[in-house]
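Asker: This is the structure I want to talk about, given as structure tokens.
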Amino acid sequence: SRTLRKDYFSDLLLDHTFCISSCKIESISVKDRSVLQNFKLTLMMASDATLSISATEFADIFQKQVISTHDRNLFVDFSIRIGTQDIRCHRLVIWLFCEKLRGKLETTEGSVLTIDGEQILNQSFRSVLDFIYCGQITAKSSEEVIDILGAAHRLGAEIVKEACASSLTDPAKTSYFSNNLMYLLDVAQRFECPALQEKVGNRIAENFSKFFPIPLMDMDPQVWLGLVKSGTIDVRGEHQLLECILTYVRQFSEPKLTDVFEQLISHVNFFALSPEKLFQLETEFGGNSVCSQKLFQAFRNL
């Protein structure tokens, strides 16, 4: 089994000031927004006395109470309908964490919001909901984590997507990450998860020579750009990196060929190329403005 965790209730306090009129408490305010550990919740009393509690401690207390309402189904005021099942929840909580549902929540006057059951599985939605309320999900497999990631993407629950990315790429927990890099890269792009794409891209860069040219030829140009910019890319030298880039861009036709070539060639160190490689570039791409400028500087340095 796999456990996803994230402490996020402290983040909810960063941009909020709470006003309470009872017990002569005039306000609770958050100070020093630069560092979370320095945050203090200050209670300004009528007698000018000041009581302080750290934001982390307050968040722990707050989270326990929220978990309690979730576990006991207290104060629920809304239902999400998936297929034939209604899942009770709090409208405000869903609005806070599910960005893609905000528009529907704001325009839905009733107490039920229907979601396409073909797009989001009931169990995956419940897992997302559990994480939003409790900060933890126990998943039985990496495949289940990917299902949760897909549900989080369709709901716009970014904190859940980040937690899924951390779980899928943790080598201490599973060999799934190392053995399924290209599949996970596709998952990252399909579900628009930059955190997962970055981690997978870095691992591919570290093992670049093992993957090239297949299946890297089918990768998105932006992923290639990330590989080329990586300081850990596994190539024998700048000449090999150049050959890989040229092999990749030649599969495209204009104008995409020029666009991709210019993006990638900008990150090649021409000063580390041999004269033979420079003449090869001049012959094939000398008419390209980006390439010709870098060639001019490199030739002057010979």
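Asker: So between S111 and N207, what do we pick up on full extension, going 0.36 nm a residue minus the alpha carbon distance?
Answerer: 29.4 nm
Asker: Taking amide hydrogens as modeled 1.01 Å from N in the peptide plane, which residues meet the under 5 Å criterion relative to G83, leaving out close sequence neighbours?
Answerer: Residues meeting the amide H criterion: I115, G117.
Asker: Only sites in a loop by DSSP and with at most 12 other Cβ atoms within 10 Å count here; which trypsin sites (Lys or Arg not before Pro) in region 59-163 make the cut? Can you show the working numbers first?
Answerer: Values: sites: K64, R72, R81, R88, R91, K100, R102, K104, R126, K140, R154, K161; in loops: K140.
Listed in order of number, the matching sites are K140.
Asker: To continue, here is another question. Just to check I understand the Karplus step: with θ = phi - 60° and J = 6.51 cos²θ - 1.76 cosθ + 1.60, what whole-Hz values come out for region 113-121, glycine and proline as x?
Answerer: Whole-Hz 3J(HN,Hα) from phi for region 113-121: 10, 8, 10, 5, x, 7, 8, 10, 6.
Asker: DSSP loop (so not H, G, I, E, B), at most 15 other Cβ within 10 Å: list which trypsin sites (Lys or Arg not before Pro) in region 231-282 pass both filters.
Answerer: Values: sites: R236, R250, K256, K277; in loops: R236, R250.
Answer by residue number: R236, R250.
Asker: How far is it, in nm, from the label point at E192 to the one at K140 when both lie 7 Å from their Cα along the line to the Cβ?
Answerer: Going from the E192 label point to the K140 one covers 3.1 nm.
Asker: Expressed as a whole percentage, what fraction of the accessible surface of region 178-302 belongs to carbon and sulfur atoms when a 1.4 Å probe is rolled over the protein heavy atoms?
Answerer: Ligands and nucleic acids excluded, carbon and sulfur give 50 percent.
Asker: Of K199/K229; K229/K294; K100/K161; K64/K173; K173/K199; K173/K229, which sit over 21 Å apart, Cα to Cα?
Answerer: Details: K199/K229 14 Å; K229/K294 17 Å; K100/K161 13 Å; K64/K173 27 Å; K173/K199 15 Å; K173/K229 28 Å.
Among K199/K229; K229/K294; K100/K161; K64/K173; K173/K199; K173/K229, the Cα-Cα distance tops 21 Å for K64/K173; K173/K229.
Asker: Could you work out how far apart the two model spin labels at I214 and K256 are, taking each label as a point 7 Å from the Cα in the direction of the beta carbon, and quote it in nm?
Answerer: Computed distance between label sites I214 and K256 equals 2.0 nm.
Asker: With Cβ to Cβ distances under 13 Å as the rule, what net charge do the other residues near E243 carry (K, R +1; D, E -1)?
Answerer: Counting the neighbours of E243, the net charge comes to 0.
Asker: Shifting gears a bit: What does the charge count near F191 come to, summing +1 for each Lys or Arg and -1 for each Asp or Glu among other residues with Cβ under 13 Å from its Cβ?
Answerer: Every neighbour counted, the sum reads -1.
Asker: All other residues with a Cβ under 14 Å from the Cβ of I80 taken together, and with Lys, Arg as +1 and Asp, Glu as -1, what is their net charge?
Answerer: Taking every Cβ under 14 Å from that of I80, the sum is +4.
Asker: Right, another one. For region 195-208, what does the Karplus curve 6.51 cos²θ - 1.76 cosθ + 1.60, with θ = phi - 60°, yield as ³J(HN,Hα) per residue in whole Hz, taken in order and with x for Gly and Pro?
Answerer: With coefficients 6.51, -1.76 and 1.60, one gets 4, 5, 4, 5, 5, 5, x, 5, 5, 5, 4, 5, 10, 4 Hz.
Asker: If you don't mind, there's one more thing I want to ask. Dipole of region 64-151, Cα-centred, from +1 at each Lys and Arg C-beta and -1 at each Asp and Glu C-beta, to the nearest 20 debye?
Answerer: On the way: 10 positive and 12 negative charges, 58 e Å.
Value, rounded to 20: 280 debye.
Asker: How much length is gained if the chain between D86 and T232 is pulled fully straight, taking 0.36 nm per residue apart and subtracting their Cα-Cα distance, in nm to one decimal?
Answerer: Working: separation 146, 0.36 × 146 = 52.56 nm, distance 4.87 nm.
Gain on stretching D86 to T232: 47.7 nm.
Asker: Which of the GluC sites (Glu not before Pro) across region 81-187 are loop residues per DSSP, with 10 or fewer other Cβ within 10 Å?
Answerer: E109, E118
Asker: Turning to a different aspect of this structure: Rounded to the nearest 0.05, what FRET efficiency do N179 and Q65 give with R0 = 30 Å and r taken as the Cβ-Cβ distance? Could you check?
Answerer: On the way: r = 42 Å, r/R0 = 1.39.
About 0.10, to the nearest 0.05.
The values are calculated or read from the model by the stated rules, or taken from the named source; none is laboratory data. If you're wondering where the values come from, they're calculated on a predicted model, not measured in any experiment. Neighbour counts run over all protein chains shown; Cβ positions are idealised from the backbone, glycine included. Only protein heavy atoms, including side chains, enter the accessible area calculation; ligands, DNA and RNA are left aside. Shrake-Rupley method; radii C 1.70, N 1.55, O 1.52, S 1.80 Å.
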